[in-house]
Amino acid sequence: MTVGVAVLGSTGSIGCSALRVLERHRDRFHVVALTAYDSRERLVQQAQAAQARYVCLVRQDGVESGDGGVVTGPTCLVEAATHPDVAIVLNAIVGAAGLEATLAALRAGKRVALANKESLVMAGDLVMAAARDGGGEIVPVDSEHSAVLQCLAGHGAAGVTRLILTASGGPFREWPATRLHEVTVADALRHPTWDMGRKITVDSATLANKALEVIEAHYLFGLGYDEIEVVVHPQSIVHAFVEFRDRSVLAQVGFPTMELPILYALTHPERLSDDGAPRFNPVAAGVLAFEALRLGDFPAFRLGVVAGRAGGTAPAVYNAANEIAVRAFLEERIAFHAIGEIIEQVLDSHDTSPATDLETVLAADRWARERGGVLCSSAS
Ligand code: NAD
Ligand code: MG
């Protein structure tokens, strides 16, 4: 018997990588369900190639649900995530849209291979509680968090005193602050080491992605914000460092590829033979550099960590304001530097409350989107 997998967001960057990994390991896994927002043609092709039985397109576009075997509408995400034949849900949806499927899968006792870090950022306490209550398990796909997990080698975070997540620094690592006012969309989408979807690529340029990852690490590994640090490492070879109480430090290294953390999220704590990831060669990797973050020039990072520390609804508001501002930037409605400004203004006008239930989190998310939308319009 092979393990049934649902790939949510299968048409995206992580989704396509996941299907390649699953294709190489057909003897262990079979694809049960695939979902996408649009790109119906690609989704149907993927479903045929992987012989997926449940195929879900979120955008309806006047198509009858069930037409050509494709179920449509947003509720199909939860159906895919809780499908009885699915044991592992690989959540590769981008943004807040992934939250409900994460919660539903964990409540249904599934393993969630989580690329959708926004789920944990928006509602970390609720997501962790859903895993406890439903017997589900979260295994990170994010390369830095996969690195931490691999350094912990299944022993958990007891005895860990510090995590140091690496950041490539993005395309503007060496740009002087004054030039950050001239950034174009094409500049921001030119990531030096990773080929990813547009939203996370912009998040990597503003360093918002690293703040999302600090919050993600806080929930996944149960460490306080003072114990989670970030260092810029332009080569993206070292994915994270883990310091233990005797001050020994372990790191996980390798040439940048998401296929390795994806496979590990499917098999943890086991490892499978796989020839998909490039073999590491220290000489070819060359000189590895580490530098401090330029905190003053990339405010989206600091704001995200402040929101994480505040807890409650603040991280959901941060996430939503960021999503709205990034979309406006990608549509050339606001400047690059306005992304941080808009996030800051939205957070400043938010009264943080405890994130006790999903409705509270979704209400905070809606509020921040509306407020952020108004600010984007007046900034453009
Ligand atoms: P992407 O934009 O390439 O793909 C996103 C996928 O989500 C697509 O299949 C799209 O159809 C689907 N989607 C978008 N909006 C949706 C909605 N409203 N409802 C349902 N589905 C929707 O993004 P990506 O780069 O693959 O990133 C996916 C997630 O993985 C993000 O949370 C990102 O932060 C995380 N991640 C990505 C990488 C990477 O290398 N790309 C690395 C680490 C983490
Ligand atoms: Mg990452």
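The values are calculated or read from the model by the stated rules, or taken from the named source; none is laboratory data. Just so we're clear, the structure is a prediction, and the values are computed from it rather than from any experiment. As a convention, Cβ positions derive from the backbone with ideal geometry for all residues, glycine included, and neighbour counts pool all protein chains shown. The accessibility values were calculated without ligands, DNA or RNA, using every heavy atom of the protein model including side chains. Shrake-Rupley method; radii C 1.70, N 1.55, O 1.52, S 1.80 Å.
Regarding the stretch 352-360, can at least one residue be identified that is polar (S, T, N, Q) and buried (at least 21 other Cβ atoms within 10 Å of the Cβ)?
Within the stretch 352-360 (the criterion being polar (S, T, N, Q) and buried (at least 21 other Cβ atoms within 10 Å of the Cβ)), the answer is no, since none of the residues qualifies.
Taking the residues in the stretch 255-291 that are closer than 18 Å to Arg26 by Cβ and among the acidic types (Asp, Glu) as candidates, determine which candidate is most open to solvent (accessible area, probe 1.4 Å).
Asp275
On the basis of being of a type in the set (Gly, Ala, Ser), part of a loop (DSSP other than H, G, I, E, B) and closer than 30 Å to Phe329 by Cβ, does Ser273 make the cut?
no
What residue, among those in the stretch 87-104 that are crowded, with 24+ Cβ neighbours inside 10 Å and outside any helix (DSSP H, G or I), is nearest to ligand 2 (Cβ to nearest atom)?
Checking each candidate, the answer is Ala92.
Would you be able to tell me the number of residues in the stretch 39-67 that are of a type outside the set (A, V, I, L, M, F, W, C) and either within 23 Å of Gly98 (Cβ to Cβ) or in contact with a strand residue (DSSP E or B) (Cβ under 6 Å, 6 or more places away or on another chain) (or both)?
Within the stretch 39-67, residues that are of a type outside the set (A, V, I, L, M, F, W, C) and either within 23 Å of Gly98 (Cβ to Cβ) or in contact with a strand residue (DSSP E or B) (Cβ under 6 Å, 6 or more places away or on another chain) (or both) number 12.
Please state which one of Ser17, Ser39 is within 16 Å of ligand 2 (Cβ to nearest atom) and under 23 Å from the mean Cα position of the chain (by Cα).
Ser17
Could you tell me whether the stretch 105-115 includes any residue that is in a helix (DSSP H, G or I) and either open to solvent by 10 Å² or more (accessible area, probe 1.4 Å) or within 15 Å of ligand 2 (Cβ to nearest atom) (or both)?
Within the stretch 105-115, one or more residues are in a helix (DSSP H, G or I) and either open to solvent by 10 Å² or more (accessible area, probe 1.4 Å) or within 15 Å of ligand 2 (Cβ to nearest atom) (or both).
Identify, from the list Thr206, Thr201, Thr178, the residue that is away from ligand 1 (no atom under 16 Å from the Cβ) and polar (S, T, N, Q).
Thr178
Please go through the stretch 200-225 and pick out each residue that is surrounded by fewer than 24 Cβ atoms within 10 Å (Cβ to Cβ) and away from ligand 2 (no atom under 13 Å from the Cβ).
His218, Tyr219, Phe221, Gly222, Leu223, Gly224, Tyr225 - these are the residues of the stretch 200-225 that are surrounded by fewer than 24 Cβ atoms within 10 Å (Cβ to Cβ) and away from ligand 2 (no atom under 13 Å from the Cβ).
Going through the stretch 145-165 one residue at a time, which ones are within 16 Å of ligand 2 (Cβ to nearest atom) and either of a type in the set (Lys, Arg) or farther than 17 Å from Thr206 by Cβ (or both)?
Within the stretch 145-165, His145, Ser146, Ala147, Val148, Leu149, Gln150, Cys151, Leu163, Ile164 meet the criteria.
So, of the residues in the stretch 140-151 that are open to solvent by 10 Å² or more (accessible area, probe 1.4 Å) and closer than 16 Å to Ser248 by Cβ, which turns out to be nearest to ligand 1 (Cβ to nearest atom)?
Gln150
Return yes or no: is Leu126 within 13 Å of ligand 2 (Cβ to nearest atom), assigned to a helix (DSSP H, G or I) and out of contact with any strand residue (DSSP E or B) (no Cβ under 6 Å at 6 or more places or on another chain)?
no
Test each condition in (1) open to solvent by less than 40 Å² (accessible area, probe 1.4 Å); (2) more than 14 Å from ligand 2 (Cβ to nearest atom); (3) farther than 26 Å from Asp246 by Cβ for Ala177 and report the one that comes out false.
Of everything listed in (1) open to solvent by less than 40 Å² (accessible area, probe 1.4 Å); (2) more than 14 Å from ligand 2 (Cβ to nearest atom); (3) farther than 26 Å from Asp246 by Cβ, Ala177 misses just condition (1).
Give the residues of the stretch 198-253 that are assigned to a strand (DSSP E or B) and closer than 18 Å to Gly159 by Cβ, sorted by residue number.
Ile228, Glu229, Ala240, Phe241, Val242, Glu243, Phe244, Val249, Leu250, Ala251, Gln252
Just wondering, is there one or more residues in the stretch 188-197 that are part of a helix (DSSP H, G or I), of a type outside the set (Ser, Thr, Tyr) and over 23 Å from Ala158 (Cα atoms)?
Within the stretch 188-197, one or more residues are part of a helix (DSSP H, G or I), of a type outside the set (Ser, Thr, Tyr) and over 23 Å from Ala158 (Cα atoms).
Of all residues in the stretch 35-58, which are over 25 Å from Ser273 (Cα atoms) and open to solvent by less than 40 Å² (accessible area, probe 1.4 Å)?
Correct list: Thr35, Ala36, Leu43, Ala47, Tyr54, Val55, Cys56, Leu57, Val58.
Could we say that Arg279 is assigned to a loop (DSSP other than H, G, I, E, B) and within 24 Å of Ala325 (Cβ to Cβ) here?
Answer is no for this residue.
Quick check on this structure: which one of Asp27, Asp61, Asp67 is farther than 28 Å from Met122 by Cα, open to solvent by 70 Å² or more (accessible area, probe 1.4 Å), within 15 Å of ligand 1 (Cβ to nearest atom) and more than 25 Å from the chain's Cα centre (by Cα)?
Result: Asp61 is the single residue among Asp27, Asp61, Asp67 that is farther than 28 Å from Met122 by Cα, open to solvent by 70 Å² or more (accessible area, probe 1.4 Å), within 15 Å of ligand 1 (Cβ to nearest atom) and more than 25 Å from the chain's Cα centre (by Cα).
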